[in-house]
Amino acid sequence: MPGKVPERATRAAAALLGLGALAYTAWLLEVLVRTGLDPVRTYVSELAAADQPLGGLFRATDLAAGLLVLAGALTGLAATRIHGPWARGGWIALAVFGAATVADSRLPLSCAPTADPACAARETAGLVPATHTAHAVSSTLAMTGALAAMVALTVAARRYGHWRPLARTGPALVVLELAATTWTLAAMAAFEAGRGTWALGAGQRLQVLLVAVWLAVLAGSLVRGRSR
């Protein structure tokens, strides 16, 4: 009977992370519904801006994603049998990602700077609400946590011989995520310097999609690890 408790907890962590990955891809709804924002040029978070017609929906899905990943990470930390420093650090980083995503959803942009020149001008002049700065901080913390978790848990999967799907596909996903992050940061710098967007939206959408795919692989690996 005691052995059943960790198994149930691990499956719960997998379910929470899988649902979190699904909620984190809610922005793909822009393929089906008209948002008025160009996905190649605009930040993903601009979908959830306070002045956007579907902002409430995307803020709610961000909140759900953050809570699910946070709960899944804490459950995974407590339940899995891999307790090396890479695993512990990875679960903690994943919890940071979840918590920061929750904060992101509660600190929306007031407008869409890449799509609205007036909004961009107000942002440059410092005439937007403080949530713009707070959102930048929480977004940076979220992506830092996601990257750290991807690296640490992938290393743990390979080093400790568990979570075979993650051990096989994790390295490629990490490399792609680093490339997408570099693209996104370069595009952000270009936009802030007034040199265009450099397909900022495409780079960031690839960045967050890869995080969601990695979360789904981790969830599947937890289930397969228990079944073995």
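If I ask for residues that are modelled with pLDDT under 95, more than 20 Å from Leu94 (Cβ to Cβ) and not small (Gly, Ala, Ser), which ones from region 189-228 would you list? Residues satisfying the conditions are Phe191, Glu192, Arg195, Thr197, Trp198, Arg228.
The set of residues in region 188-209 being over 17 Å from Thr124 (Cα atoms) and over 17 Å from the mean Cα position of the chain (by Cα) consists of Trp198, Ala199.
Which pairs turn up if I take residues in region 106-132 that are closer than 21 Å to Ala189 by Cβ and open to solvent by 40 Å² or more (accessible area, probe 1.4 Å) and look for partners that are of a type in the set (Gly, Ala, Ser) and part of a loop (DSSP other than H, G, I, E, B) with beta carbon separation below 8 Å, at least 6 apart in sequence or on another chain? Qualifying pairs under 8 Å: Ala115/Gly36.
Residue under question is Thr154, and the condition is that it be open to solvent by less than 30 Å² (accessible area, probe 1.4 Å), farther than 24 Å from Val223 by Cβ and touching a Gly at 6+ places or on another chain (Cβ under 8 Å); does it hold? Spelling it out, it is not the case that Thr154 is open to solvent by less than 30 Å² (accessible area, probe 1.4 Å), farther than 24 Å from Val223 by Cβ and touching a Gly at 6+ places or on another chain (Cβ under 8 Å). Residue-level analysis places Thr181 among those that are part of a helix (DSSP H, G or I), within 14 Å of the chain's Cα centre (by Cα), β-branched (Val, Ile, Thr) and crowded, with 17+ Cβ neighbours inside 10 Å.
For Leu47, state whether it is modelled with pLDDT of 95 or more, open to solvent by 30 Å² or more (accessible area, probe 1.4 Å) and in a helix (DSSP H, G or I). In short, no. The number of residues in region 190-228 being open to solvent by less than 30 Å² (accessible area, probe 1.4 Å), farther than 30 Å from His162 by Cβ and polar (S, T, N, Q) comes to 1. Checking Ala99, Ala65 one by one, the residue that is over 14 Å from Leu153 (Cα atoms), assigned to a helix (DSSP H, G or I) and open to solvent by 30 Å² or more (accessible area, probe 1.4 Å) is Ala99 and no other. The set of residues from region 8-34 being outside any helix (DSSP H, G or I), over 20 Å from Arg106 (Cα atoms) and either open to solvent by 70 Å² or more (accessible area, probe 1.4 Å) or among the polar types (S, T, N, Q) (or both) comprises Leu32, Arg34.
You will find that of Thr133, Thr114, Thr144, Thr140, the residue that is closer than 21 Å to Gln52 by Cα, in a helix (DSSP H, G or I) and of a type in the set (Val, Ile, Thr) is Thr133 and no other.
The values are calculated or read from the model by the stated rules, or taken from the named source; none is laboratory data. Model, not experiment: these values are computed from the prediction. Please note: Cβ atoms are built from the backbone with ideal geometry, for glycine as well, and neighbour counts cover all protein chains shown. For accessibility, only protein heavy atoms count, side chains too; no ligands or nucleic acids. Shrake-Rupley method; radii C 1.70, N 1.55, O 1.52, S 1.80 Å.
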